[in-house]
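Trainee: Here it is, the structure in full.
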Amino acid sequence: MDDDDAVRRSLQLLLHWHGYQVRAYAGARAACQSENVEDADWLIADYRLHDGDGLGLLTTLLRRGWRGRALLVTGNPEPDLAARAIQAGFSGLIEKPLHRHELLAALV
């Protein structure tokens, strides 16, 4: 999930090429309204979205019973963001620009 079309599309293609079935969303609202989001094994969410943030999105999904794993990405790191991400339930935080090997290693 990323509100930047180019980032979202390149991430989608990379993951698809590595064998993942991918559903991409431009924002938190679209993801929350999707009937399929709760079937996902992974959530890769940008921290800052045009209609919320990745931390709030994960909180919402967890309240709804989602039990997958999540990774937060950001181009705007803040001093305590990694700790807040872990506390919210994310497996980790990766800073943009995303590097293929770092992203794929985080998904194992």
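Trainee: Karplus couplings for the range 78-93 from phi (6.51 cos²θ - 1.76 cosθ + 1.60, θ = phi - 60°), rounded to Hz, Gly and Pro as x?
Mentor: Each residue's phi maps through the Karplus curve to give 10, x, 10, 5, 4, 5, 5, 5, 4, 4, 6, x, 6, 6, x, 10 Hz.
Trainee: Could you state the accessible area per residue of the chain in Å², with a 1.4 Å probe and every protein chain left in place?
Mentor: Averaged over the residues of the chain, the accessible area is 58 Å².
Trainee: Enumerate the calculated ³J(HN,Hα) couplings along the range 41-46 in order (Karplus 6.51 cos²θ - 1.76 cosθ + 1.60, θ = phi - 60°), each rounded to whole Hz, writing x wherever the residue is Gly or Pro.
Mentor: Ordered by residue, 3J(HN,Hα) equals 7, 10, 10, 10, 10, 6 Hz.
Trainee: Let me ask another. Sort 97-104, 30-37 for me by packing, meaning the mean count of neighbouring Cβ atoms within 10 Å per residue, highest on top.
Mentor: Highest-to-lowest ranking by the protection proxy: 30-37, 97-104.
Trainee: Tell me the label-point distance for the pair Arg23, Arg64, using the 7 Å Cα-to-Cβ offset, in nm and rounded to one decimal.
Mentor: 0.8
Trainee: Looking at the chain as a GNM with Cα springs under 10 Å, which of Gly65, Gly92, Gly56 has the largest mean-square fluctuation?
Mentor: Ranking Gly65, Gly92, Gly56 by mean-square fluctuation puts Gly65 first.
Trainee: 5 Å is the cut-off here: which amide hydrogens, built 1.01 Å from N in the peptide plane, fall below it relative to Ile94, excluding neighbours closer than 5 in sequence?
Mentor: Leu72, Val73, Thr74
Trainee: If you roll a 1.4 Å probe over the chain with all protein chains in place, what percent of the accessible area is carbon or sulfur?
Mentor: Of all accessible area on the chain, carbon and sulfur atoms account for 48 percent.
Trainee: Also, I was wondering about something else. For the range 19-33, just list the computed ³J(HN,Hα) in residue order, Karplus coefficients 6.51, -1.76 and 1.60, θ = phi - 60°, integers in Hz, with x standing in for Gly and Pro.
Mentor: Running phi through 6.51 cos²θ - 1.76 cosθ + 1.60 with θ = phi - 60° gives x, 7, 8, 10, 10, 10, 10, 8, x, 5, 4, 4, 5, 5, 7 Hz.
Trainee: Turning to a different aspect of this structure: Per residue, how much space in cubic angstrom lies within the convex hull of the C-alpha atoms of the chain?
Mentor: That works out to 93 Å³ per residue.
The values are calculated or read from the model by the stated rules, or taken from the named source; none is laboratory data. Model, not experiment: these values are computed from the prediction. When we count neighbours, we look across all protein chains shown, and the Cβ atoms used for this are built from the backbone with ideal geometry, even at glycine. What goes into the accessible areas is simple: the full protein's heavy atoms, side chains included, and nothing from ligands, DNA or RNA. Shrake-Rupley method; radii C 1.70, N 1.55, O 1.52, S 1.80 Å.
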